[in-house]
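For reference, the structure is listed below as structure tokens.
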Amino acid sequence: MTERSLAESFRRLIASDGPISVAQFMGESNACYYASRDPFGTAGDFVTAPEISQMFGELIGLWLADIWIRAGSPARSIYVELGPGRGTLARDALRAMKRAGLEPEPHLVEGSPELRRLQGEAVPGAQFHADLSTVPEGRPILLVANEFLDALAVRQLVMTEQGWRERMVALDAEERFVFGAGAQPMDAAVPEGRRGAEVGTILETSPGAAAVVSEAARRLAAQGGAALFIDYGHSQPRIGSTLQAVRAHKKVDPFAAPGEADLTAHVDFPSLSEVAQARGARWLGTVPQGTWLRALGIDARTEALAAAAPHHREALNAGRDRLVEPAEMGELFKVMGLAAPNWPDGAGF
């Protein structure tokens with residue numbers, strides 16, 4: 001479906017049935033967006049950490065190998081990545097794991113046929129899944145999700161003069177998309193301590209992200225293993241809308257081109273850590289990406305690569321800085337670590 005046809009489909013739906021939820025607008029827009037394109041890289045709409053530097057995937061691979069070794073090197077472990085992009089992170093991580101003596105069977109959770117094709121080229125022999133439900137049970141799991149949770153649909157609740165309501169997408173007199181409030185009272189869905197908030201206050205939740213982390217935690221508790229969730233988001237509870245859209249490496253109006261821009265929202269790591277622990281996993285911590293990568297030795301790795309290829313020193317330093325500097329990705333992006341109850345702590349937390 002094209003941008004125009006999706007926008008027109010939304011307009012017809014709203015005109016006939018009334019406003020739709022923010023969650024529906026975001027979910028259907030992103031389903032259309034990811035179904036038929038490669039959005040990554042300079043020619044796409046955004047660049048992710050694995051495309052910036054090979055060191056990102058390598059250090060993730062070494063982190064997984066380290067915790068696996070200290071857990072007793074359990075046999076038949078599997079590598080699982082959610083939303084693997086072009087397969088760059090998986091390729092780099094698996095290469096680093098192999099050097100450490102770990103060769104897990106790769107399982108990639110991806111719905112896009114175009115991205116599956118690219119991932120298959122990067123990781124020959126990978127097995128593909130539409131979601132976690134078909135990933136093998138009964139084997140230790142080493143799971144990575146980089147910039148996956150942020151694209152899952154968020155639900156927004158807004159405080160109105162009449163109380164809490166679902167935040168909706170409606171049409172104005174000129175058939176432009178605008179935010180509105182639903183008619184159904186939603187006070188029961190708001191934590192008791194926040195029900196008396198000021199009019200206009202927005203609360204944002206991601207049922208999809210909670211479901212993914214819940215299933216990953218359940219598997220860690222049952223199968224053994226460790227997981228890393230890496231995304232931009234907050235490490236303390238907050239209020240307000242974080243919905244945004246990116247197209248051609250620039251922020252755009254989320255309503256401007258449904259299905260043609262990447263809609264994302266900040267990840268609520270505090271609530272997800274609670275979800276994981278409720279399902280039996282150990283929460284290792286949530287730390288800024290820059291802090292974590294520096295603790296894992298990205299500076300030493302940068303210097304070693306630069307010494308081997310001096311003509312690439314400037315590019316290597318630039319890639320590292322983009323990953324770790326607070327003004328770049330270092331502070332906004334967070335790393336949340338989870339592990340099975342009987343697995344050791346992870347480096348960097």
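The angle separating the long axis of helix 269-278 from the principal Cα axis of greatest extent in the chain is about 70 degrees. Using the average count of surrounding beta-carbon atoms within 10 Å as a protection proxy, the listed peptides 13-21, 78-86 rank, highest first, as 78-86, 13-21. Considering the values (1) 152; (2) 201; (3) 142, which represents volume of the Cα convex hull per residue in Å³ as calculated for the structure under consideration? Label (3) holds the value from this structure. Inter-label distance, ALA327 to ALA130: 4.7 nm, where each label sits 7 Å from its Cα along the C-beta direction. Rounded to the nearest whole angstrom, the semi-axes of the ellipsoid equivalent to the range 291-343, taken from the Cα gyration tensor as √(5λ), stand at 26, 15, 6, largest first. Can you give the angle from 0 to 90° between the axis of helix 207-223 and the longest principal axis of the chain, with both taken from C-alpha atoms, to the nearest 10? Rounded to the nearest ten degrees, it is 30. For the range 39-191, what class follows from the C-alpha gyration tensor (a ≥ b ≥ c being the square roots of its eigenvalues): rounded when a/c is under 1.5, otherwise prolate if a/b is larger than b/c, else oblate? Verdict is prolate for the range 39-191. Going from the residue with the fewest nearby Cβ atoms within 10 Å to the one with the most, THR134, THR286, THR205 rank THR134, THR205, THR286.
The simple Förster model, with R0 at 22 Å and r as the Cβ-Cβ distance, assigns ARG11 and VAL252 a FRET efficiency of 0.70.
Residues HIS234, HIS266, HIS249 in ascending order of nearby Cβ atoms (within 10 Å, fewest first): HIS249, HIS234, HIS266. Per residue, the chain reaches -11500 deg cm²/dmol at 222 nm when only DSSP H runs of four or more residues are counted, each adding -39500 (n - 2.57). Return one number: the angle in degrees, 0 to 90 and rounded to the nearest 10, between the long axis of the Cα atoms of helix 22-35 and the longest principal axis of the Cα atoms of the chain. Computed tilt is about 50 degrees.
Cβ crowding within 10 Å ranks LEU89, LEU171, LEU102 as LEU171, LEU102, LEU89, fewest other Cβ atoms first. Counting only DSSP beta bridges with both residues in the range 28-175, the antiparallel share comes to about 20 percent.
Counting only DSSP beta bridges whose two residues both lie in the chain, roughly 60 percent are antiparallel. Net length available on complete extension from ALA35 to ALA295 is 89.9 nm, with 0.36 nm assigned per residue and the Cα-Cα distance removed.
Here LYS98 is the anchor, and no lysines lie within straight C-alpha reach of less than 17 Å, apart from those fewer than 8 places off in the same chain.
Read the figures in this text as sums done on the coordinates, not as results from a lab. Here the structure is a predicted model, which is why all the values come from computation and not from measurement. Glycine also receives a Cβ, built like all others from the backbone with ideal geometry; neighbour counts cover every protein chain displayed.
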